[in-house]
Structure formats: structure tokens, C-alpha cells
Amino acid sequence: MNILSDDQTIFALASGVGKAGIAVFRISGGAATEALRALTKKALPEPRRATRVQLLDPKSKDILDHGLAIFFPGPASFTGEDVIELHVHGGRAVIAGITDALAKLDDVRLAEAGEFTRRAFENNKLDLTAAEGLADLINAETSAQRRQAQRQLQGDLGLIYDDWRDRLLKAIALFEAEIDFSDEDLPPGLQQQVAEQIAELTSEISAHLDDAGQGQILRHGLYITIIGPPNAGKSSLLNRLSRRDVAIVSETAGTTRDVIEVHLELEGYPVILADTAGLREAADDIESEGVRRAQERALSADLNLAVFDGAVWPKQDSHTLKLIDEDALVVINKSDLLEKGEVDYLAISAETGEGFDILLEKLKKEVEQRCHLSASPALTRTRHRTALEKCLENLVRFPSATKSELKAEDLRQAARCLGRITGRVDVEEVLDIIFKEFCIGK
Ligand SMILES: Nc1nc2c(ncn2[C@@H]2O[C@H](COP(=O)(O)OP(=O)(O)OP(=O)(O)O)[C@@H](O)[C@H]2O)c(=O)[nH]1
Ligand SMILES: [Mg+2]
């Protein structure tokens, strides 16, 4: 169904599913006020004032609930249309009754996922990057994620992209003036001016792209994988770091087979910590699959935490050594069993907790470095990255293109790429992808 051509009024439960003290319904569209009148049989409440109402089923006249209604007249509403909010008791039967009553009204239907935000975008209430920021804010689990999402929702990222696009459009205008009116009396040095502006934009966009993925890592979380030989205490380490008894610990080597994930917050930054099977020549098919998964997970991790067994130290495991790169953090577990003497690595004990304060400090430093909330708004999505890379390709080609027409086309392509990020051109194709990230009622 093409939502764009549909001018029906939509409604949805905007609060979470399940029993709660209060549930909030949102109704948006031309028939929103009519819907409220149908349920209350009263005149509309004053705009933006919470007003106590009795809600009736329009057909059976059953009392569904007593609650609050708020009327946000368009265009000064979230979607830009007339919006009604109903705050009711959050019981399942109340929610079901109101849902049924609203769905039965003419020209009113249940909203699809992200449809409220999509209407807000269509009515120029926010640009695409802000809409994505809103989705991120709803999904944010840590304080740094929340701050990044808020910044994007406020439009900080969109402003950067729009500014680049505006500057590019101005450069295009100058460049095309030069082609079209070359015989006329144009000010001298136009070509030079355009070349300088494009060079400047090229370097700004390159710097924005050259960010080590910090904004994106912050958005989805930093992946840390615990690797090491069997029995080194990897699962014990995961349990202690997450302060929960998540993974089975046993003295039998080869206990863990699957990848076990926990979500942690370190200094406000999100971490996805994974425990894996001990690395060795596997004894059976199941273990061998476990080892394969462990290796795969180690290769895709942002950071590997390699654990060696202090009980057998200085014996090192070759499978683990192969996966250690310069970024990896190496620890020796079972410091309580470690022979006295010099150890080059951090010695910890998952049993007694020795060395964990230092380990935590090290982890926090790593996490902060890799998903640091930068001073200027960061790139947060592959969608933006791809568009910027395409834009850059065109800008880089511009100076070397021989024909003026080709040069102009390079600049126009670059501007289109930028416009697509905030939704200023060719938006239709990207809309579905973006708004699918929302759930119903947003
Ligand atoms: N003495 C001592 N024992 C430990 C320590 N940490 C873990 N252990 C013990 O070492 C054994 C193995 O621990 P696990 O956490 O299951 O080890 P693992 O690396 O997950 O092992 P696999 O899943 O088989 O690869 C268990 O008996 C733990 O109680 C420690 O710091 N000191
Ligand atoms: Mg284990």
C-alpha cells in the first residue's frame, strides 16, 4: 500500500504493550477531532489542555474508561496534522476496547510502523536524519547513546549536510553561469572560485568520513569478544564483568559451545560482550562448530579480550595467539594459581576479583576511545556513509573531468547524494527503509 496517497486518519497505542498504570493513544489526521467527539459525545477540549473525558463505545454506548484527552491542532503538532492524545488506564481490556472503538470509525485506521514520524517528515516537521535520531532515541540504552540521538533529533547532523548541499548548489550555480554566459561580462576568476569551494568541501567531507566509525559504534554498541583456550576462565570472566550468572562455569574443558552475549554499560557507553568456546582442536562436531563460531566472532569484534590460563602459564595457546592483533587486550586469569614471578600481562582472578579494577579501567579507556561522543555531530549510519562516499567520488572527479558538461554533472550528482541524506531529493526510495525502523505508534 502506498501510504503517501492515503489521507486517512491513523491511530495507535503510543505507549508500550502490556499492563501499565497509563496507556497513551495517539490519533492523527483530518478525522482526529471527529473521532474524539464520537467517543466522548462532547465538544472538543481547548487546544493543548489535558481535559478529563468519559470514553464511550460509539455503537454500544458502553463506558470504556475515564481518562484525559489533549488536542494538538495542526500544523503545530508532532505530525503537522490535527492530533489527539488519549491518556487512559493501561489495562488490556481498556486498550482493546478503545482500539476496537476507534477502528470502527469511518476514515480511521490503525497506523503502520513509523507512520506518525513519516507524516511528520512529509509535513516538514523534521528531516530524515532527525527522524533517524528519533528512532535512535527510542532505542537508546545508555547515556552516551541518548546524547548522540538527541543531538541528531535536534537536527545538528542534518544542518551539516544541508550546509554542504547549499554550498555545493551555490558552486554549481557559479559553474553553470560560466558555461552559459562565457561571452558575457562575468566577474573574473569564477573558475578558480568554484575549484576552491569544491576543494574545501572535499576536505570537510573527507574529515567527517575519517572518523574510525565512532558514531556508528556508539549507535550499535562496541563488540568485545572474550577468546582463549578451554578452561582459562572465559565464562567466569563474563559472569563477573556482567555481575550475573549468565554462562555455565565448570572445570570440564570445552564447556561453552555457543556464543553467549551480554549487554553492558561502561561509563555510559554500550558494550556487547561475548563469551565463546575455548579454542582447540575440537573433540566432536558440536565443539568444532563452537570453535568456528568463536573464531568468526573474534574476527568481527571491535576488540578481543584474550584470556590465558594462569594455572599452566607460561604455556600459551597457539590458536588464541593467532587471533591476537595489536588492538587486543591480553589477561592472565587465575592469578591465585600463578607461579610467582614476572608476568608481562595483566594478571586477574575471576574467582577472587583480583585485578578487575585495573581491567575495568582498561576496558573503559578502550571503549571511550572507540565510541567517543565527538564535539561535532558524528556519522551514525551506513546510509549516510554510503551517500557521502558517493558524493566524495563525484567531487574528487570534478577537477580532472575534461568537458564542462561532465564537470557540471559531477557536481549535480554530488549534490543529489547529499540531498538524499536529509531527504531533500529523490526521497521516495529511502523512505521505506528508514521508517521501517520504528514500531507502531511512533
Ligand atoms: N583458581 C581459580 N579458578 C578459576 C578462576 N577462574 C575460573 N576458575 C575455574 O576454572 C574453571 C574453568 O572456568 P570457566 O569459566 O568455565 O572456563 P572457560 O574458559 O569458560 O572454559 P570453556 O568454556 O571450557 O572454554 C572452573 O572450574 C572455574 O571455577 C580463578 O581466577 N582462579
Ligand atoms: Mg566457558
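The values are calculated or read from the model by the stated rules, or taken from the named source; none is laboratory data. Because the structure is predicted, anything quoted here is derived from the model rather than measured. Don't worry about glycine lacking a Cβ; one is built from the backbone with ideal geometry, like all the others, and counts go over all protein chains shown.
See the values below:
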read-out: For Thr252: the one exception among (1) within 10 Å of ligand 2 (Cβ to nearest atom); (2) over 18 Å from Gly310 (Cα atoms); value: (2)
read-out: Residues satisfying the stated conditions in the range 213-261, i.e. more than 8 Å from ligand 1 (Cβ to nearest atom), out of contact with any Asp or Glu (no Cβ under 8 Å at 6 or more places or on another chain), of a type in the set (A, V, I, L, M) and over 30 Å from Glu389 (Cβ atoms); value: Ile227, Leu241
read-out: The lone exception for Thr380 - which of (1) among the hydroxyl-bearing types (Ser, Thr, Tyr); (2) surrounded by fewer than 16 Cβ atoms within 10 Å (Cβ to Cβ); (3) touching a residue at least 60 places away in the same chain (Cβ under 8 Å) it fails; value: (2)
read-out: Subset of the range 110-144 [aliphatic (A, V, I, L, M) and either in a loop (DSSP other than H, G, I, E, B) or within 30 Å of Val367 (Cβ to Cβ) (or both)]; value: Ala111, Ala113, Leu126, Leu128, Ala130, Ala131, Leu134, Ala135, Leu137, Ile138, Ala140, Ala144
read-out: Selection within the range 237-262 - closer than 17 Å to Leu279 by Cβ and either in contact with a helix residue (DSSP H, G or I) (Cβ under 8 Å, 6 or more places away or on another chain) or buried (at least 20 other Cβ atoms within 10 Å of the Cβ) (or both); value: Leu237, Leu238, Ala247, Gly254, Thr255, Thr256, Arg257, Asp258, Val259, Ile260
read-out: Subset of the range 316-332 [more than 23 Å from Leu222 (Cα to Cα) and within 16 Å of ligand 2 (Cβ to nearest atom)]; value: Asp317, His319
read-out: Among residues of the range 291-339, those that are in a helix (DSSP H, G or I), touching a Leu at 6+ places or on another chain (Cβ under 6 Å) and not hydrophobic (A, V, I, L, M, F, W, C), counted; value: 2
read-out: Pairs where the first residue, in the range 333-359, is of a type in the set (A, V, I, L, M, F, W, C) and the second is part of a strand (DSSP E or B) and away from ligand 2 (no atom under 16 Å from the Cβ), C-beta under 7 Å, 6+ apart; value: Leu338/Ile332; Leu338/Ala347; Val343/Ile332; Ala347/Ile332; Ile358/Leu346; Leu359/Leu346
read-out: Residue count, the range 263-288 (criterion: within 14 Å of ligand 1 (Cβ to nearest atom) and either buried (at least 21 other Cβ atoms within 10 Å of the Cβ) or acidic (Asp, Glu) (or both)); value: 10
read-out: Top-ranked residue in the range 228-249 [being more than 26 Å from Lys315 (Cβ to Cβ) and not hydroxyl-bearing (Ser, Thr, Tyr); ranked as farthest from ligand 2 (Cβ to nearest atom)]; value: Arg243
read-out: Conditions (1) touching a Phe, Trp or Tyr at 6+ places or on another chain (Cβ under 7 Å); (2) surrounded by fewer than 21 Cβ atoms within 10 Å (Cβ to Cβ); number of the one not met by Gln295; value: (1)
read-out: Residue satisfying condition, being buried (at least 16 other Cβ atoms within 10 Å of the Cβ), under 30 Å from Asp57 (Cβ atoms) and of a type in the set (A, V, I, L, M), within set Ala130, Ala149, Ala111; value: Ala111
read-out: Count of the range 207-241 residues which are of a type in the set (Gly, Ala, Ser) and modelled with pLDDT under 95; value: 5
read-out: Elements of type strands (runs of 3 or more DSSP E) in the range 188-280, at least 1 residues being touching a residue at least 40 places away in the same chain (Cβ under 8 Å) and within 29 Å of Asp410 (Cα to Cα); value: none
read-out: Lys364 touching a residue at least 12 places away in the same chain (Cβ under 8 Å) and either part of a helix (DSSP H, G or I) or of a type in the set (S, T, N, Q) (or both); value: yes
read-out: Test result for Pro314, within 8 Å of ligand 1 (Cβ to nearest atom) and at negative phi; value: no
read-out: Flag if Arg412 is buried (at least 18 other Cβ atoms within 10 Å of the Cβ) and either out of contact with any Leu (no Cβ under 6 Å at 6 or more places or on another chain) or farther than 17 Å from Gly133 by Cα (or both); value: no
read-out: Boolean, Thr386 is out of contact with any strand residue (DSSP E or B) (no Cβ under 6 Å at 6 or more places or on another chain) and free of Cβ contacts under 8 Å to residues at least 24 places away in the same chain; value: yes
